[in-house]
Amino acid sequence: MGFVLSILYFVTYFLTPWTLFGPLAAYRVELILAVLLMLVSAPALHKTFFLKTTQSGALAGLTVAVFLSVLIGMRWAHGSLTALLSFVPNGIAYFLVCLHCNTKRKLQVVVGMLMFVCLFVIWQGTRDLMRGFQENAHGLPDDEYGSRLEVWDIEHPYVHAQSNDLEEPYRIRGLGEINDPNDLGQLIICVIPLVFVFWRAKKMLSNFFCVLLPVSGLLYGAYETHSRGALLSLIAVTIVAARKRFGNFFSLLLGVGAFVGAMALQFTGGRAISAQAGSDRTGLWSASMEVLKESPLFGVGFGALPDHIGMTAHNSVMVCAAELGVLGLYFWCLFLFPTVRDALVLSSTTNVSEGEPVTEAVGLYPQATRRREEIDKAEINRLGQLMVLSLTGFLVTGWFLSRAFVMTLFLLGGMVEVIYQMALQRGMVAERMPLKRSAVYAAGLGFGLVLAMYILLRVVHLMH
(Lines give C-alpha, C1' and ligand atoms only; values in the text may rest on other atoms or scores of the structure.)
Protein backbone atom coordinates (compact mmCIF):
# COMPACT_ATOMS: atom_id res chain seq x y z
CA MET A 1 0.00 0.00 0.00
CA GLY A 2 2.79 2.42 0.92
CA PHE A 3 4.59 1.82 -2.38
CA VAL A 4 1.46 2.33 -4.47
CA LEU A 5 0.57 5.52 -2.61
CA SER A 6 4.15 6.76 -3.05
CA ILE A 7 3.98 6.31 -6.82
CA LEU A 8 0.63 8.10 -6.91
CA TYR A 9 2.10 10.89 -4.82
CA PHE A 10 5.04 11.33 -7.21
CA VAL A 11 2.81 11.36 -10.29
CA THR A 12 0.53 13.91 -8.63
CA TYR A 13 3.53 16.14 -7.93
CA PHE A 14 4.82 16.14 -11.50
CA LEU A 15 1.51 16.22 -13.39
CA THR A 16 -0.40 18.35 -10.82
CA PRO A 17 -3.56 17.33 -8.92
CA TRP A 18 -5.81 19.04 -11.50
CA THR A 19 -4.50 16.83 -14.29
CA LEU A 20 -5.11 13.61 -12.36
CA PHE A 21 -8.15 14.40 -10.26
CA GLY A 22 -9.87 17.27 -12.06
CA PRO A 23 -12.36 19.17 -9.83
CA LEU A 24 -11.46 16.91 -6.88
CA ALA A 25 -8.11 18.70 -6.71
CA ALA A 26 -9.90 21.57 -4.97
CA TYR A 27 -10.10 19.32 -1.90
CA ARG A 28 -6.28 19.27 -1.63
CA VAL A 29 -5.90 15.67 -2.70
CA GLU A 30 -2.11 15.93 -2.45
CA LEU A 31 -2.35 16.70 1.27
CA ILE A 32 -4.71 13.77 1.79
CA LEU A 33 -2.19 11.53 0.01
CA ALA A 34 0.62 12.85 2.20
CA VAL A 35 -1.32 12.15 5.40
CA LEU A 36 -2.21 8.65 4.23
CA LEU A 37 1.43 8.01 3.38
CA MET A 38 2.53 9.08 6.84
CA LEU A 39 -0.01 6.76 8.46
CA VAL A 40 0.95 3.82 6.26
CA SER A 41 4.68 4.45 6.58
CA ALA A 42 4.87 4.86 10.36
CA PRO A 43 4.75 1.10 11.23
CA ALA A 44 7.68 0.37 8.88
CA LEU A 45 10.04 2.98 10.30
CA HIS A 46 11.73 0.55 12.68
CA LYS A 47 13.08 -1.62 9.86
CA THR A 48 14.28 1.02 7.43
CA PHE A 49 17.85 2.20 6.90
CA PHE A 50 16.62 5.75 6.28
CA LEU A 51 17.65 7.14 9.65
CA LYS A 52 21.15 5.67 9.32
CA THR A 53 22.03 7.80 6.30
CA THR A 54 23.67 11.21 6.40
CA GLN A 55 21.02 12.52 4.03
CA SER A 56 18.29 12.10 6.64
CA GLY A 57 20.10 14.46 9.00
CA ALA A 58 20.81 16.81 6.10
CA LEU A 59 17.12 16.96 5.25
CA ALA A 60 16.26 17.71 8.88
CA GLY A 61 18.82 20.52 8.90
CA LEU A 62 17.62 21.83 5.55
CA THR A 63 14.06 21.92 6.87
CA VAL A 64 15.22 23.98 9.85
CA ALA A 65 17.16 26.28 7.52
CA VAL A 66 14.05 26.85 5.38
CA PHE A 67 12.05 27.72 8.51
CA LEU A 68 14.69 30.07 9.92
CA SER A 69 15.29 31.78 6.59
CA VAL A 70 11.76 33.13 6.65
CA LEU A 71 11.39 33.53 10.40
CA ILE A 72 14.68 35.43 10.83
CA GLY A 73 15.62 36.50 7.31
CA MET A 74 12.17 37.87 6.50
CA ARG A 75 10.93 38.31 10.08
CA TRP A 76 7.69 36.59 9.14
CA ALA A 77 6.42 33.89 11.49
CA HIS A 78 3.39 32.85 9.47
CA GLY A 79 5.43 32.75 6.27
CA SER A 80 7.88 30.31 7.84
CA LEU A 81 5.10 27.73 8.15
CA THR A 82 4.06 28.35 4.56
CA ALA A 83 7.68 27.81 3.49
CA LEU A 84 7.73 24.47 5.30
CA LEU A 85 4.57 23.38 3.50
CA SER A 86 6.30 24.20 0.22
CA PHE A 87 9.57 22.41 0.97
CA VAL A 88 8.60 19.32 2.96
CA PRO A 89 6.46 17.69 0.21
CA ASN A 90 9.57 17.71 -2.00
CA GLY A 91 12.07 16.53 0.59
CA ILE A 92 9.79 13.73 1.74
CA ALA A 93 10.46 11.97 -1.58
CA TYR A 94 13.82 10.76 -0.21
CA PHE A 95 12.09 9.20 2.77
CA LEU A 96 9.42 7.51 0.64
CA VAL A 97 11.92 6.01 -1.82
CA CYS A 98 14.16 4.66 0.95
CA LEU A 99 11.22 3.19 2.84
CA HIS A 100 9.01 1.76 0.11
CA CYS A 101 11.12 1.39 -3.04
CA ASN A 102 13.63 -1.03 -1.56
CA THR A 103 14.09 -3.52 -4.42
CA LYS A 104 15.30 -3.32 -7.99
CA ARG A 105 11.83 -4.08 -9.32
CA LYS A 106 10.34 -1.25 -7.32
CA LEU A 107 13.06 1.09 -8.54
CA GLN A 108 12.13 0.06 -12.07
CA VAL A 109 8.56 1.08 -11.30
CA VAL A 110 9.81 4.49 -10.10
CA VAL A 111 11.78 4.89 -13.33
CA GLY A 112 8.73 3.79 -15.31
CA MET A 113 6.70 6.43 -13.49
CA LEU A 114 9.21 9.17 -14.37
CA MET A 115 9.33 7.94 -17.97
CA PHE A 116 5.53 8.03 -18.17
CA VAL A 117 5.41 11.58 -16.79
CA CYS A 118 7.93 12.83 -19.35
CA LEU A 119 6.35 11.03 -22.30
CA PHE A 120 2.87 12.17 -21.28
CA VAL A 121 3.96 15.82 -21.23
CA ILE A 122 5.90 15.39 -24.49
CA TRP A 123 2.85 13.87 -26.17
CA GLN A 124 0.55 16.64 -24.94
CA GLY A 125 2.95 19.34 -26.09
CA THR A 126 3.60 17.66 -29.44
CA ARG A 127 -0.12 17.28 -30.09
CA ASP A 128 -0.59 20.98 -29.41
CA LEU A 129 2.30 21.84 -31.74
CA MET A 130 0.88 19.68 -34.52
CA ARG A 131 -2.49 21.40 -34.32
CA GLY A 132 -0.89 24.77 -34.99
CA PHE A 133 -1.84 28.11 -33.47
CA GLN A 134 -4.11 30.82 -34.71
CA GLU A 135 -2.51 33.32 -32.34
CA ASN A 136 0.54 35.24 -33.48
CA ALA A 137 2.60 35.29 -30.30
CA HIS A 138 5.56 37.13 -31.83
CA GLY A 139 6.02 40.83 -32.41
CA LEU A 140 3.20 41.91 -30.09
CA PRO A 141 3.50 45.04 -27.96
CA ASP A 142 4.35 44.20 -24.35
CA ASP A 143 1.01 45.36 -22.95
CA GLU A 144 -1.00 43.43 -25.55
CA TYR A 145 1.04 40.26 -25.09
CA GLY A 146 0.71 40.56 -21.33
CA SER A 147 -3.06 40.79 -21.61
CA ARG A 148 -3.15 37.62 -23.71
CA LEU A 149 -0.58 35.60 -21.77
CA GLU A 150 -3.03 34.13 -19.29
CA VAL A 151 -5.39 33.18 -22.09
CA TRP A 152 -2.53 31.54 -23.97
CA ASP A 153 -1.55 29.51 -20.89
CA ILE A 154 -5.11 28.25 -20.49
CA GLU A 155 -5.51 27.32 -24.15
CA HIS A 156 -2.00 25.84 -24.56
CA PRO A 157 -0.85 24.63 -21.12
CA TYR A 158 1.89 22.40 -22.57
CA VAL A 159 3.40 24.96 -24.96
CA HIS A 160 5.46 28.02 -24.08
CA ALA A 161 5.50 31.01 -26.45
CA GLN A 162 8.27 33.60 -26.38
CA SER A 163 7.31 37.13 -25.38
CA ASN A 164 10.04 38.98 -27.27
CA ASP A 165 10.61 40.08 -30.84
CA LEU A 166 12.97 37.25 -31.70
CA GLU A 167 11.44 34.67 -33.99
CA GLU A 168 12.00 31.90 -31.49
CA PRO A 169 10.07 28.63 -31.77
CA TYR A 170 7.35 27.37 -29.50
CA ARG A 171 8.70 25.18 -26.70
CA ILE A 172 6.97 22.34 -24.91
CA ARG A 173 6.68 22.43 -21.14
CA GLY A 174 4.89 20.66 -18.32
CA LEU A 175 2.66 21.87 -15.52
CA GLY A 176 3.31 22.65 -11.89
CA GLU A 177 6.98 22.33 -10.99
CA ILE A 178 7.98 21.61 -14.61
CA ASN A 179 5.96 24.39 -16.23
CA ASP A 180 9.11 25.92 -17.71
CA PRO A 181 10.71 24.30 -20.80
CA ASN A 182 14.11 24.37 -19.09
CA ASP A 183 12.75 22.56 -16.03
CA LEU A 184 11.11 19.94 -18.21
CA GLY A 185 14.37 19.58 -20.13
CA GLN A 186 16.23 18.91 -16.89
CA LEU A 187 13.80 16.17 -15.87
CA ILE A 188 14.02 14.53 -19.29
CA ILE A 189 17.83 14.48 -19.26
CA CYS A 190 17.79 12.94 -15.76
CA VAL A 191 15.38 10.22 -16.86
CA ILE A 192 17.12 9.20 -20.11
CA PRO A 193 19.98 7.27 -18.40
CA LEU A 194 17.57 5.69 -15.90
CA VAL A 195 15.51 4.10 -18.69
CA PHE A 196 18.44 1.73 -19.30
CA VAL A 197 17.54 0.03 -16.03
CA PHE A 198 15.15 -1.98 -18.23
CA TRP A 199 17.96 -3.13 -20.56
CA ARG A 200 18.34 -6.91 -20.70
CA ALA A 201 21.21 -8.69 -22.40
CA LYS A 202 20.31 -10.50 -25.63
CA LYS A 203 16.67 -9.32 -25.48
CA MET A 204 16.48 -7.28 -28.67
CA LEU A 205 12.70 -6.97 -28.90
CA SER A 206 12.31 -6.06 -25.23
CA ASN A 207 15.16 -3.56 -25.40
CA PHE A 208 13.67 -1.91 -28.48
CA PHE A 209 10.24 -1.32 -26.96
CA CYS A 210 11.25 -0.76 -23.33
CA VAL A 211 14.47 1.22 -23.82
CA LEU A 212 15.34 2.43 -27.31
CA LEU A 213 11.85 3.60 -28.29
CA PRO A 214 11.20 5.52 -25.03
CA VAL A 215 14.69 7.07 -25.14
CA SER A 216 14.01 8.25 -28.69
CA GLY A 217 10.81 9.89 -27.49
CA LEU A 218 12.64 11.52 -24.59
CA LEU A 219 15.36 12.86 -26.88
CA TYR A 220 12.70 14.30 -29.16
CA GLY A 221 11.07 15.91 -26.13
CA ALA A 222 14.38 17.40 -25.01
CA TYR A 223 14.78 18.83 -28.51
CA GLU A 224 11.32 20.41 -28.42
CA THR A 225 12.11 22.18 -25.14
CA HIS A 226 14.90 24.02 -27.05
CA SER A 227 16.69 24.33 -23.72
CA ARG A 228 20.35 25.34 -23.89
CA GLY A 229 20.93 23.95 -20.43
CA ALA A 230 19.41 20.63 -21.46
CA LEU A 231 21.73 20.46 -24.47
CA LEU A 232 24.85 21.14 -22.38
CA SER A 233 23.66 18.58 -19.85
CA LEU A 234 23.03 15.99 -22.55
CA ILE A 235 26.55 16.56 -23.90
CA ALA A 236 27.98 16.16 -20.39
CA VAL A 237 26.06 12.91 -19.87
CA THR A 238 27.31 11.65 -23.24
CA ILE A 239 30.93 12.42 -22.33
CA VAL A 240 30.68 10.77 -18.90
CA ALA A 241 28.94 7.72 -20.37
CA ALA A 242 31.56 7.28 -23.11
CA ARG A 243 34.57 7.96 -20.91
CA LYS A 244 35.09 4.44 -19.55
CA ARG A 245 34.68 2.81 -22.94
CA PHE A 246 36.54 5.23 -25.20
CA GLY A 247 38.80 7.20 -22.86
CA ASN A 248 38.92 10.91 -22.13
CA PHE A 249 40.08 12.15 -25.53
CA PHE A 250 37.60 10.25 -27.70
CA SER A 251 34.72 10.88 -25.28
CA LEU A 252 35.43 14.63 -25.50
CA LEU A 253 35.62 14.32 -29.26
CA LEU A 254 32.27 12.54 -29.25
CA GLY A 255 30.80 15.29 -27.07
CA VAL A 256 32.04 18.01 -29.43
CA GLY A 257 30.60 16.14 -32.39
CA ALA A 258 27.26 15.75 -30.65
CA PHE A 259 27.23 19.46 -29.80
CA VAL A 260 27.99 20.49 -33.38
CA GLY A 261 25.30 18.15 -34.68
CA ALA A 262 22.73 19.42 -32.18
CA MET A 263 23.42 23.04 -33.07
CA ALA A 264 23.14 22.20 -36.77
CA LEU A 265 19.72 20.69 -36.04
CA GLN A 266 18.64 23.87 -34.22
CA PHE A 267 18.40 22.11 -30.85
CA THR A 268 18.38 25.46 -29.05
CA GLY A 269 15.90 27.03 -31.43
CA GLY A 270 18.47 29.34 -32.94
CA ARG A 271 19.63 30.79 -29.63
CA ALA A 272 23.39 30.99 -29.24
CA ILE A 273 25.42 29.40 -26.45
CA SER A 274 28.11 31.93 -25.49
CA ALA A 275 29.21 34.24 -22.70
CA GLN A 276 27.43 37.14 -24.37
CA ALA A 277 24.21 35.15 -24.84
CA GLY A 278 24.32 34.14 -21.18
CA SER A 279 25.01 37.64 -19.84
CA ASP A 280 21.50 37.84 -18.39
CA ARG A 281 22.16 34.79 -16.24
CA THR A 282 25.60 35.91 -15.09
CA GLY A 283 24.03 39.22 -14.12
CA LEU A 284 21.55 37.36 -11.92
CA TRP A 285 24.35 35.28 -10.41
CA SER A 286 26.25 38.43 -9.54
CA ALA A 287 23.17 40.01 -7.97
CA SER A 288 22.55 36.81 -5.97
CA MET A 289 26.14 36.94 -4.70
CA GLU A 290 25.51 40.45 -3.42
CA VAL A 291 22.36 39.27 -1.67
CA LEU A 292 24.38 36.51 0.00
CA LYS A 293 26.90 39.07 1.25
CA GLU A 294 24.09 41.12 2.81
CA SER A 295 22.40 38.13 4.54
CA PRO A 296 25.12 35.49 4.85
CA LEU A 297 23.85 33.30 7.68
CA PHE A 298 20.10 32.75 7.20
CA GLY A 299 19.58 34.26 3.74
CA VAL A 300 16.73 36.45 2.60
CA GLY A 301 14.04 33.79 2.89
CA PHE A 302 12.89 30.67 1.09
CA GLY A 303 11.47 31.69 -2.30
CA ALA A 304 12.10 35.40 -1.64
CA LEU A 305 15.09 36.00 -3.95
CA PRO A 306 12.94 37.40 -6.82
CA ASP A 307 11.83 40.18 -4.46
CA HIS A 308 15.45 41.32 -4.22
CA ILE A 309 16.84 40.88 -7.75
CA GLY A 310 13.68 40.88 -9.86
CA MET A 311 13.66 37.16 -10.63
CA THR A 312 15.24 33.93 -9.43
CA ALA A 313 19.00 33.28 -9.69
CA HIS A 314 18.90 30.65 -12.47
CA ASN A 315 21.57 28.74 -10.56
CA SER A 316 20.82 26.09 -7.93
CA VAL A 317 23.86 26.90 -5.81
CA MET A 318 23.20 30.63 -5.69
CA VAL A 319 19.47 30.33 -5.10
CA CYS A 320 20.18 28.02 -2.16
CA ALA A 321 22.91 30.26 -0.73
CA ALA A 322 21.04 33.54 -1.22
CA GLU A 323 17.67 32.30 0.06
CA LEU A 324 18.83 30.06 2.94
CA GLY A 325 22.24 31.54 3.66
CA VAL A 326 25.39 29.62 4.53
CA LEU A 327 23.39 27.45 6.93
CA GLY A 328 21.04 26.22 4.21
CA LEU A 329 23.81 25.79 1.65
CA TYR A 330 25.75 23.64 4.13
CA PHE A 331 22.86 21.23 4.70
CA TRP A 332 22.11 21.14 0.97
CA CYS A 333 25.74 20.12 0.35
CA LEU A 334 25.46 17.62 3.20
CA PHE A 335 22.69 15.95 1.24
CA LEU A 336 24.42 16.24 -2.12
CA PHE A 337 27.92 15.08 -1.16
CA PRO A 338 27.13 11.59 0.22
CA THR A 339 24.63 11.06 -2.59
CA VAL A 340 27.22 11.70 -5.29
CA ARG A 341 29.92 9.87 -3.33
CA ASP A 342 27.80 6.73 -2.89
CA ALA A 343 26.80 6.78 -6.58
CA LEU A 344 30.48 6.95 -7.57
CA VAL A 345 31.31 4.05 -5.23
CA LEU A 346 28.54 1.94 -6.76
CA SER A 347 29.76 2.67 -10.27
CA SER A 348 33.37 1.70 -9.48
CA THR A 349 34.48 -1.85 -10.25
CA THR A 350 37.24 -1.58 -7.64
CA ASN A 351 34.98 -0.40 -4.79
CA VAL A 352 32.36 -3.09 -5.33
CA SER A 353 33.21 -6.73 -4.58
CA GLU A 354 31.45 -9.92 -5.59
CA GLY A 355 29.71 -10.28 -2.25
CA GLU A 356 27.93 -13.36 -0.93
CA PRO A 357 24.49 -14.37 -2.31
CA VAL A 358 22.21 -15.24 0.57
CA THR A 359 18.55 -16.04 1.19
CA GLU A 360 16.67 -14.38 3.99
CA ALA A 361 13.17 -14.05 5.33
CA VAL A 362 11.55 -10.65 4.95
CA GLY A 363 8.18 -9.23 5.80
CA LEU A 364 6.03 -8.96 8.90
CA TYR A 365 5.54 -12.71 9.35
CA PRO A 366 8.38 -15.27 9.54
CA GLN A 367 6.44 -17.77 7.44
CA ALA A 368 6.12 -15.29 4.58
CA THR A 369 9.61 -15.82 3.18
CA ARG A 370 11.00 -15.07 -0.24
CA ARG A 371 14.35 -15.13 -1.89
CA ARG A 372 16.32 -11.93 -1.99
CA GLU A 373 16.71 -10.49 -5.48
CA GLU A 374 19.62 -11.98 -7.40
CA ILE A 375 21.88 -8.99 -8.00
CA ASP A 376 25.56 -9.46 -8.75
CA LYS A 377 28.49 -7.06 -8.83
CA ALA A 378 28.05 -6.27 -12.52
CA GLU A 379 24.44 -5.24 -11.93
CA ILE A 380 25.33 -3.05 -8.95
CA ASN A 381 28.02 -1.36 -11.07
CA ARG A 382 25.54 -0.83 -13.90
CA LEU A 383 22.91 0.67 -11.60
CA GLY A 384 25.55 2.91 -10.03
CA GLN A 385 26.71 4.13 -13.44
CA LEU A 386 23.13 4.98 -14.42
CA MET A 387 22.69 6.98 -11.21
CA VAL A 388 25.96 8.85 -11.85
CA LEU A 389 24.74 9.79 -15.33
CA SER A 390 21.36 10.91 -14.03
CA LEU A 391 22.95 13.02 -11.28
CA THR A 392 25.31 14.49 -13.88
CA GLY A 393 22.30 15.55 -15.93
CA PHE A 394 20.64 17.11 -12.89
CA LEU A 395 23.71 19.00 -11.68
CA VAL A 396 24.78 20.37 -15.06
CA THR A 397 21.33 21.73 -15.83
CA GLY A 398 21.07 22.85 -12.19
CA TRP A 399 23.98 25.22 -12.79
CA PHE A 400 21.67 27.19 -15.09
CA LEU A 401 18.38 26.65 -13.23
CA SER A 402 17.06 27.38 -9.74
CA ARG A 403 16.26 23.75 -8.95
CA ALA A 404 17.93 23.25 -5.58
CA PHE A 405 14.83 22.12 -3.70
CA VAL A 406 12.84 20.15 -6.27
CA MET A 407 11.62 16.60 -5.77
CA THR A 408 13.82 15.25 -8.57
CA LEU A 409 16.98 15.69 -6.48
CA PHE A 410 15.52 13.91 -3.47
CA LEU A 411 14.14 11.10 -5.63
CA LEU A 412 17.58 10.51 -7.13
CA GLY A 413 19.17 10.65 -3.68
CA GLY A 414 16.76 8.02 -2.39
CA MET A 415 17.38 5.76 -5.38
CA VAL A 416 21.15 5.94 -4.87
CA GLU A 417 20.83 4.93 -1.23
CA VAL A 418 18.43 2.07 -1.98
CA ILE A 419 20.98 0.63 -4.43
CA TYR A 420 23.78 1.20 -1.92
CA GLN A 421 21.75 -0.63 0.72
CA MET A 422 21.27 -3.57 -1.66
CA ALA A 423 25.05 -3.77 -2.14
CA LEU A 424 25.70 -3.29 1.58
CA GLN A 425 23.36 -6.13 2.56
CA ARG A 426 25.23 -8.43 0.18
CA GLY A 427 28.63 -7.45 1.50
CA MET A 428 29.65 -5.80 -1.78
CA VAL A 429 30.57 -2.34 -0.48
CA ALA A 430 32.02 -0.79 2.65
CA GLU A 431 29.85 0.96 5.21
CA ARG A 432 28.67 4.45 4.37
CA MET A 433 30.99 7.32 5.14
CA PRO A 434 30.55 8.40 8.79
CA LEU A 435 28.60 11.56 9.45
CA LYS A 436 31.62 13.38 10.88
CA ARG A 437 33.65 12.93 7.71
CA SER A 438 30.71 13.77 5.46
CA ALA A 439 30.11 16.93 7.51
CA VAL A 440 33.66 18.12 6.89
CA TYR A 441 33.55 17.35 3.16
CA ALA A 442 30.15 19.04 2.84
CA ALA A 443 31.57 22.24 4.35
CA GLY A 444 34.42 22.09 1.85
CA LEU A 445 31.99 21.49 -1.01
CA GLY A 446 29.85 24.47 -0.05
CA PHE A 447 32.88 26.74 0.20
CA GLY A 448 34.24 25.42 -3.10
CA LEU A 449 30.97 26.00 -4.95
CA VAL A 450 30.66 29.61 -3.78
CA LEU A 451 34.34 30.22 -4.55
CA ALA A 452 33.93 28.72 -8.02
CA MET A 453 30.98 31.01 -8.68
CA TYR A 454 32.95 34.02 -7.44
CA ILE A 455 35.92 33.21 -9.70
CA LEU A 456 33.61 32.60 -12.66
CA LEU A 457 31.93 35.98 -12.17
CA ARG A 458 35.30 37.72 -11.91
CA VAL A 459 36.45 36.09 -15.15
CA VAL A 460 33.24 37.07 -16.94
CA HIS A 461 33.61 40.62 -15.64
CA LEU A 462 37.15 40.83 -16.97
CA MET A 463 36.02 39.51 -20.36
CA HIS A 464 33.57 42.37 -20.64
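The values are calculated or read from the model by the stated rules, or taken from the named source; none is laboratory data. Source: prediction; values computed, not measured. Methodologically, a virtual Cβ is constructed for each residue, glycine included, from the backbone with ideal geometry; neighbour enumeration extends over all protein chains shown.
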| message | Where the second residue is loosely packed, with under 11 Cβ neighbours inside 10 Å and the first is assigned to a helix (DSSP H, G or I) and lies in the stretch 438-464, which pairs have Cβ atoms under 7 Å and are six or more apart or on separate chains? | response | none
| task | Consider Leu45 carefully, then state whether it is crowded, with 20+ Cβ neighbours inside 10 Å and either in contact (Cβ under 8 Å) with a residue 12 or more places away in the chain or touching a strand residue (DSSP E or B) at 6+ places or on another chain (Cβ under 7 Å) (or both). | result | no
| said: I'm told Ser288 meets every condition in (1) surrounded by 20 or more Cβ atoms within 10 Å (Cβ to Cβ); (2) of a type outside the set (Asp, Glu); (3) at pLDDT 90 or above; (4) not in a helix (DSSP H, G or I) except one. Can you identify the failing condition by its number? | reply: (4)
| query | Considering only residues of the stretch 254-273 that are within 17 Å of Asn182 (Cα to Cα) and small (Gly, Ala, Ser), which is modelled with the highest pLDDT? | reply | Ala262
| task | Restrict the check to the stretch 238-260 and report whether at least one residue is assigned to a helix (DSSP H, G or I), out of contact with any helix residue (DSSP H, G or I) (no Cβ under 8 Å at 6 or more places or on another chain) and of a type in the set (S, T, N, Q). | result | yes
| field | Arg426, sole failed condition from (1) under 25 Å from Tyr330 (Cβ atoms); (2) in contact (Cβ under 8 Å) with a residue 40 or more places away in the chain | value | (1)
| message | All but one of (1) at pLDDT below 95; (2) among the β-branched types (Val, Ile, Thr); (3) touching a strand residue (DSSP E or B) at 6+ places or on another chain (Cβ under 9 Å) hold for Ile72; state the number of the condition that does not hold. | response | (3)
| said: within 24 Å of His314 (Cα to Cα) and surrounded by 12 or more Cβ atoms within 10 Å (Cβ to Cβ): which single residue out of Ala258, Ala242, Ala222 fits that description? | reply: Ala222
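Any idea which of Leu96, Leu37, Leu59 is in contact (Cβ under 8 Å) with a residue 24 or more places away in the chain, crowded, with 18+ Cβ neighbours inside 10 Å and closer than 27 Å to Val291 by Cβ? Even if it seems obvious, please write down each step before you answer.
On the way: Leu96 fails: closer than 27 Å to Val291 by Cβ; Leu37 fails: closer than 27 Å to Val291 by Cβ.
When all the criteria are applied, what remains is Leu59.
State yes or no: is Val459 assigned by TED's automatic domain parsing to the domain that holds Gly384, under 22 Å from the mean Cα position of the chain (by Cα) and more than 21 Å from Cys98 (Cβ to Cβ)? Before the answer, list the steps.
Numbers: assigned by TED's automatic domain parsing to the domain that holds Gly384: yes; under 22 Å from the mean Cα position of the chain (by Cα): no; more than 21 Å from Cys98 (Cβ to Cβ): yes.
No; evaluated as a whole, the condition is false for this residue.
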| task | Scan the stretch 120-159 for residues that are modelled with pLDDT under 85 and not in a helix (DSSP H, G or I) and jot them down. | result | Gly132, Phe133, Gln134, Glu135, Asn136, Ala137, His138, Gly139, Leu140, Pro141, His156
| field | Residue under evaluation Thr282, criteria (1) over 21 Å from the mean Cα position of the chain (by Cα); (2) free of Cβ contacts under 8 Å to residues at least 60 places away in the same chain, criterion not met | value | (2)
| task | Please go through the stretch 293-327 and pick out each residue that is crowded, with 24+ Cβ neighbours inside 10 Å and either among the hydroxyl-bearing types (Ser, Thr, Tyr) or touching a strand residue (DSSP E or B) at 6+ places or on another chain (Cβ under 8 Å) (or both). | result | Ser316
| remark: Flagged in the stretch 33-71 as among the β-branched types (Val, Ile, Thr) and in contact with a helix residue (DSSP H, G or I) (Cβ under 9 Å, 6 or more places away or on another chain), in numbering order, are Val40, Thr48, Thr53, Thr54, Thr63, Val64, Val66, Val70
| Residue check, Gly221 against (1) within 23 Å of Ala378 (Cβ to Cβ); (2) in contact with a strand residue (DSSP E or B) (Cβ under 9 Å, 6 or more places away or on another chain), all met but one. Which one? | (1)
| query | Looking at Ile235, is it at pLDDT 90 or above and touching a Leu at 6+ places or on another chain (Cβ under 7 Å)? | reply | no
